[in-house]
Structure formats: C-alpha cells, structure tokens
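The structure appears below as structure tokens.
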Amino acid sequence: MTTDRLTELLEETAADVPAPSFAASAWARSRRVRRTRQVVASAVVVVAVAAVVIPLNIGRSQPPPPALSTESPQPPVTRISTIPPVVSWRGMDPFPAIVRVPADARPLTGHPVEQAVAVFQEQAGESDRAMRPLHVLDTRGEWIRVDVGDLVRTHDAGGNEADPLRVASLSPDRRRVAVAQPQALVVVDLPTAKASRYPVPGLNEQVMWWGPDTVLVGADGPGVTRVDLATGEISREPAAVSAWNSAGSSVLGGELAEIVEIDGRSVLRVWEMGSAKPVRELPVDQSGMPPGWAVDEFYGQAISDGNGRIAVAGWGSWADAMGRSFQGGAQMLTVVDTRTGALSEVLVMEDSAGPRRSKSCCAALSWYDSETVLARTDHEGVIAWRLRGGGVTSLVTAPFDGRLALRMQ
C-alpha cells in the first residue's frame with residue numbers, strides 16, 4: 001500500500017470525529033488567571049486600606065474602651081532647688097539696689113502716693129527702742145515718709161515690744177497700709193495722706209488683708225477681729241484662723257490658708273470667713289521628698305498666689321550633692337498646694353558648709369508672677385526664686401535691717 005493511499009484512509013476515518021476547541025480552553029484558562037489575580041489584588045488593597053483605617057479610628061470620637069489599670073496613683077514629686085553660694089543681682093524697677101531711706105525723705109502729708117510698691121521700717125537698735133517711721137516706695141522709686149497715724153511699737157502681755165509693720169500690711173491695690181496697734185488698728189490711706197484709727201480690743205500684733213476693704217487683726221494665736229473699712233463695722237470672726245501664719249486673700253470671699261502644728265505634724269487648714277470650721281484640713285504631704293529630706297516646721301506668714309498655692313518659710317533636714325545629711329536647722333522656702341496639701345517646691349537656703357543661716361532667716365514676701373516668689377533673706381536681702389528651673393537672683397546688692405512689705409504687681 002502506497003503512502004498516498006494510507007493518508008486517504010486516515011482522513012476518511014477521522015472525518016466523523018469532532019475537533020477539540022483549543023481556543024475555548026485557552027480563554028477559560030485566561031479568565032481563571034484574571035479572576036485569581038483580581039482576588040489577590042483585592043486582598044492587597046483591603047490590607048492596605050485596613051492598614052490606613054485602623055490608626056485613623058483610634059482618634060475618632062468613639063475609641064475602644066481603655067484597658068483597666070491596676071497601678072496605684074503616683075505620689076507627688078517635690079521639686080528641690082538649692083540657693084547658689086553667690087547670688088547674682090538682677091534689678092527690678094522701681095525697687096532700689098540698696099534699701100536705705102534718705103534722712104530727708106519727703107513727708108506723705110505734702111506728697112501723697114497714688115500706689116506703693118513697698119513699705120519699709122528700719123529696725124531699732126538694741127540701745128534705742130524708739131519707734132522708727134514707716135516709709136513707702138512709690139512707683140517712681142522715691143521713698144516717702146509716713147508722718148500720719150501716731151504709730152507706736154506693739155507689745156505683748158510680758159512687755160516685749162516689736163515694730164508694727166508686717167509682711168501683709170500693704171493692701172492688694174497698694175493704696176493703703178494697715179498697722180496693728182495696742183487696742184486699735186490704724187489704716188493709712190496713701191492717696192489722701194490720711195490715717196484712720198479703729199478700736200480693736202486686745203494687744204494686737206498681726207494684720208492681713210481679706211479683699212480690698214477688709215483687714216483681719218490679731219495676735220500670734222488663733223482668732224482675729226474683722227474690720228470692714230467700707231462700713232466701719234468691727235466684729236469678731238468665727239473662723240479660728242491666725243493672722244500670724246495665714247495667707248490673706250486679694251479678693252473678698254477668697255479662702256485663707258495656713259499651716260499649723262498639731263501633735264507634731266504639719267497640717268494645712270483652709271478657711272472661709274464666717275465658718276467656725278475649716279473647709280479643708282489635711283496633713284502636708286511630703287511623700288515627694290527624697291529620703292533624708294523633710295520640712296520639720298513651717299513658720300511665719302504664708303503668701304497666697306490666688307490660685308491654690310502658698311509660699312511659706314520653714315526649716316528641716318536635707319542632704320547635699322555629696323550625700324551628706326544635715327538633720328534639722330536647715331532654713332528653707334517652700335510652696336504648698338492648698339487643694340491637695342502636697343509640698344510641691346523647696347528652696348534650701350544652705351550650702352555644703354551646713355546650716356549657717358540665722359533662726360527665722362527668711363520670709364516669703366509676695367508672688368511676682370505665677371512662677372516667681374519674692375522673699376526676704378538674712379544674707380542677700382531680697383531674692384527672686386524662679387520655681388521653674390530653680391533659679392535665684394537678688395533684687396538688692398546688700399542685706400538690710402528692718403521690716404518690709406512688698407507688692408511689685
């Protein structure tokens with residue numbers, strides 16, 4: 001059989017067999033590949049979108065509920081600063097670099113003062129107990145002698161005398177000076193150069209302002225007499241606050257805070273006038289102090305910033321940078337939160353030589369701003385303590401003898 005004949009027989013046999021559709025199979029495979037790729041691409045897009053959307057959902061108005069925490073509240077942290085061995089001078093107009101009143105200072109009666117920055121009384125010498133006049137520093141930097149009021153030195157039942165000017169004698173508006181007197185209160189109005197005398201029973205020694213027109217008068221213990229300068233009304237205050245250690249208030253109705261010692265503990269009391277019980281009474285919280293540090297006692301008049309803090313002097317124990325501990329007697333300036341009782345700031349007035357300040361060396365005078373406390377010290381005179389950062393500068397170039405009331409703002 002020839003090759004041509006074999007080919008013809010095979011073609012005749014295959015004529016009845018249907019041909020396979022290779023194109024259809026190819027298209028079907030092609031569609032399956034595209035669907036697979038689309039699924040994969042969609043999954044990638046979903047993952048990418050999810051990666052973007054999930055973080056954005058965190059900041060929306062309905063975040064997932066936070067996980068419950070079993071941690072206890074953190075104790076307060078006390079910021080501690082130490083006064084440098086040499087304090088640089090920083091001028092603060094109109095306060096003078098040297099506190100010295102001129103012998104020929106002009107009298108108030110002929111030169112009224114619209115507003116005072118400070119009130120100063122020279123300290124009498126040991127052999128001369130005569131009453132020294134008060135001088136006010138006006139906003140131009142001139143000292144004016146107060147020649148009205150017939151002021152005398154105060155005294156207690158034992159006959160011990162003292163100069164009558166107090167840290168809180170200058171009114172919040174800086175236009176009047178309040179001075180305690182035996183059986184009386186004297187208020188000097190600076191713009192009119194006139195003095196008013198109010199009968200207040202007792203051997204009065206302390207004063208503080210409660211708003212622009214009310215003066216609280218007392219001795220060293222609890223209990224004050226309220227004198228309303230607008231109406232002339234004089235009444236015994238129900239609140240057992242002490243004018244010796246309490247912070248006054250620049251606004252009428254403001255709270256009065258004080259730190260007292262009860263059973264060997266320092267306790268913060270906050271009063272509202274007219275209430276026989278304090279609105280808050282809690283121990284001063286010193287848990288934020290480092291080991292070996294403590295304020296053993298607070299002393300002197302506290303000064304309020306009007307926003308829940310008081311500055312007040314104290315003394316206690318501390319440790320220097322070398323780890324040496326000094327137990328007791330170290331003079332300090334402090335800031336206490338009157339809402340919580342926390343001791344928030346401490347300025348140690350000593351250096352590595354150990355306690356060298358005089359007893360009751362220091363006194364808070366006023367707040368210059370929300371971060372600066374002005375204070376009287378025995379070595380520097382008047383300092384500005386910057387709470388944020390702990391910096392200390394001096395407003396004067398030398399210490400001075402005398403009492404000072406100060407309101408720079």
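The values are calculated or read from the model by the stated rules, or taken from the named source; none is laboratory data. The structure presented is a predicted model; accordingly, all values stated were derived computationally and were not measured. We place every Cβ from the backbone using ideal geometry, glycine too, and count neighbours over all the protein chains shown. Note: accessible area is taken over every heavy atom of the protein model, side chains too, but ligands, DNA and RNA are not part of it. Shrake-Rupley method; radii C 1.70, N 1.55, O 1.52, S 1.80 Å.
Looking only at segment 155-174, residues that are touching a strand residue (DSSP E or B) at 6+ places or on another chain (Cβ under 8 Å), open to solvent by less than 60 Å² (accessible area, probe 1.4 Å) and over 18 Å from Trp209 (Cβ atoms) come to 3 in all.
When the residues of segment 180-193 are filtered to those that are closer than 14 Å to Ile144 by Cα and not hydrophobic (A, V, I, L, M, F, W, C), which remaining residue is farthest from the chain's Cα centre (by Cα)? Going through the qualifying residues, I end up with Thr192.
Identify, by number, the condition in (1) closer than 28 Å to Gly329 by Cα; (2) touching a Leu at 6+ places or on another chain (Cβ under 6 Å); (3) among the hydrophobic types (A, V, I, L, M, F, W, C); (4) without any contact (Cβ under 8 Å) to a residue 60 or more places away in the chain that Val224 doesn't meet. Against the list (1) closer than 28 Å to Gly329 by Cα; (2) touching a Leu at 6+ places or on another chain (Cβ under 6 Å); (3) among the hydrophobic types (A, V, I, L, M, F, W, C); (4) without any contact (Cβ under 8 Å) to a residue 60 or more places away in the chain, Val224 comes up short only on (1). Comparison of Trp318, Trp244, Trp271, Trp293 shows that the only residue that is modelled with pLDDT under 95, crowded, with 17+ Cβ neighbours inside 10 Å and out of contact with any Phe, Trp or Tyr (no Cβ under 9 Å at 6 or more places or on another chain) is Trp244.
Restricted to segment 252-268, and to residues that are surrounded by 13 or more Cβ atoms within 10 Å (Cβ to Cβ) and assigned to a loop (DSSP other than H, G, I, E, B), which residue is modelled with the lowest pLDDT? Checked segment 252-268; the qualifying residue modelled with the lowest pLDDT is Leu252.
Scan segment 290-308 residue by residue and report those that are more than 18 Å from Thr340 (Cβ to Cβ) and not in a strand (DSSP E or B). Across segment 290-308, the qualifying residues are Pro290, Pro291, Gly292, Trp293.
Entry remark, segment 83-103: residues being closer than 13 Å to Leu395 by Cβ, aliphatic (A, V, I, L, M) and part of a loop (DSSP other than H, G, I, E, B) number 4 in total.
In this structure, Leu151 does not qualify as of a type in the set (A, V, I, L, M, F, W, C) and open to solvent by less than 20 Å² (accessible area, probe 1.4 Å). Residues of segment 86-114 that are basic (Lys, Arg) and in contact (Cβ under 8 Å) with a residue 40 or more places away in the chain: Arg90, Arg100.
Taking every residue in segment 361-375 that is without any contact (Cβ under 8 Å) to a residue 40 or more places away in the chain and pairing it with any residue that is aromatic (Phe, Trp, Tyr) and part of a strand (DSSP E or B), at least 6 positions away or on another chain, the pairs with Cβ-Cβ distances below 8 Å are Thr372/Trp385; Leu374/Trp367; Leu374/Tyr368; Leu374/Trp385. In segment 276-285, which residues are open to solvent by less than 60 Å² (accessible area, probe 1.4 Å) and in contact with a Pro (Cβ under 9 Å, 6 or more places away or on another chain)? The answer is Asp285, and nothing else. Among the β-branched types (Val, Ile, Thr), in contact (Cβ under 8 Å) with a residue 12 or more places away in the chain, open to solvent by 10 Å² or more (accessible area, probe 1.4 Å) and farther than 30 Å from Arg280 by Cβ - does that describe any residue in segment 386-395? Yes, that holds for at least one residue.
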